[in-house]
1. Answer with yes or no whether residue 98 is modelled with pLDDT of 95 or more and not polar (S, T, N, Q).
2. Residue 3 versus (1) polar (S, T, N, Q); (2) surrounded by fewer than 15 Cβ atoms within 10 Å (Cβ to Cβ); (3) at pLDDT 95 or above: which is the lone unmet condition?
3. For residue 72, all conditions in the list (1) within 16 Å of the ligand (Cβ to nearest atom); (2) of a type outside the set (Ser, Thr, Tyr); (3) over 19 Å from residue 91 (Cα atoms); (4) surrounded by 17 or more Cβ atoms within 10 Å (Cβ to Cβ) hold save one; what is the number of the exception?
4. Would you say residue 91 is more than 14 Å from the ligand (Cβ to nearest atom), over 30 Å from residue 232 (Cα atoms) and modelled with pLDDT of 95 or more?
5. Mind checking whether some residue in the range 103-126 is within 14 Å of the ligand (Cβ to nearest atom), among the small types (Gly, Ala, Ser) and modelled with pLDDT of 95 or more?
6. Six or more apart or on different chains, Cβ under 8 Å: which pairs go from a residue in the range 33-58 that's more than 22 Å from residue 130 (Cβ to Cβ) and hydroxyl-bearing (Ser, Thr, Tyr) to one that's part of a helix (DSSP H, G or I) and within 16 Å of the ligand (Cβ to nearest atom)? Could you list them?
7. Do you know which residues across the range 229-247 are of a type in the set (A, V, I, L, M, F, W, C), modelled with pLDDT of 95 or more and within 16 Å of the chain's Cα centre (by Cα)?
Amino acid sequence: MLSVTELADFAQSRPHHPERVVERTRYRTIWISDVHLGTRGCNAEMLIDFLDHVDSDVMYLVGDIIDGWRLKKRFYWPPAHNDVVWRLLKRAKRGTRVVYIPGNHDEVFRQFTGLDFGGVEIRRKAIHETADGRRLLVLHGDEFDAVTMGHRWIAHLGDTAYQALMGVNRWVSLVRRWAGMPYWSLSKHAKARVKNAVAFVSRFEEIVAHAAGSRGVDGVVCGHIHTADMREIGGVAYYNDGDWVEGCNALVEHDDGRMEILNWADVIAARERDTVVKLAA
Ligand SMILES: [Mn+2]
């Protein structure tokens, strides 16, 4: 478990899972959000694998990185979750510009807006300029909950139902891993089939894109709804960087400004297939 002295002594501390020494794929920008450290649903090992394989000039942490709501109810902090924090701080130390935009689950950090901690800039929102000169508004997305869902208690109610679904999801993942099957998210597939969930997602996307358009930017990057997506909505580029509970996604910008959504479970599966082929050859 992470102690305060350990965090203060971060420069000397070592991660539980050592960093892999592999050539990292470099991007201009990386966005991740909805990691939900401090919950059992968080796929910290997959995120560690991601962080060890990629690099970027700028990295945006688009909220819900740590789940303060869950931690308050029940303290859960395995070494892998510590290792994620360690890697994020290490990146900032190595020269990546890290911008942390707290979400609703880690809103406790919003009071530090404008401050820099260990090279991590804490902001309420940001404007990112792409290599091809487009201006993107970066925010978590819970700002629109009042419009999409009514009141905040509904969000909490949703959170409880969501935690229950995540519990089932975790068991499915464990059984699949035990059976040697690749990662697959039950909840992600369930959500895609439930009409209300689909309607909610598209309504959220439209509202966020519309709000961004009225602020005069070319596009918006957000998280919050755990549904990675990139598409044009009413002349505004809408990007959602997904999550690390169900999807294991990141949004990346290439050097020419081209954007891409990475599905890290697929990347790992492809890498493992390659290894098997090489071993067989
Ligand atoms: Mn959120």
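The values are calculated or read from the model by the stated rules, or taken from the named source; none is laboratory data. Quantities reported herein were computed from a predicted structural model and do not represent experimental measurements. With ideal geometry, Cβ positions are generated from the backbone for all residues, glycine too; neighbour counts draw on all protein chains shown.
1. Values: modelled with pLDDT of 95 or more: yes; not polar (S, T, N, Q): yes.
Taking the combined requirement at face value, the residue satisfies it.
2. Unmet condition: (3).
3. (4)
4. Values: more than 14 Å from the ligand (Cβ to nearest atom): yes; over 30 Å from residue 232 (Cα atoms): yes; modelled with pLDDT of 95 or more: yes.
Yes: the conditions hold for residue 91.
5. Yes, there is a match, as at least one residue in the range 103-126 is within 14 Å of the ligand (Cβ to nearest atom), among the small types (Gly, Ala, Ser) and modelled with pLDDT of 95 or more.
6. 39/70; 39/163; 39/166
7. Residues of the range 229-247 that are of a type in the set (A, V, I, L, M, F, W, C), as a first pass: 230, 233, 236-237, 244-245.
Keeping just the survivors that are modelled with pLDDT of 95 or more gives 230, 233, 236-237, 244.
Passing the criteria: 230, 244.
Condition check ((1) within 19 Å of residue 225 (Cβ to Cβ); (2) more than 16 Å from the ligand (Cβ to nearest atom)) across all residues:
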site	(1), (2)
23	no, yes
27	no, yes
32	yes, no
42	yes, no
47	yes, yes
55	no, yes
63	yes, no
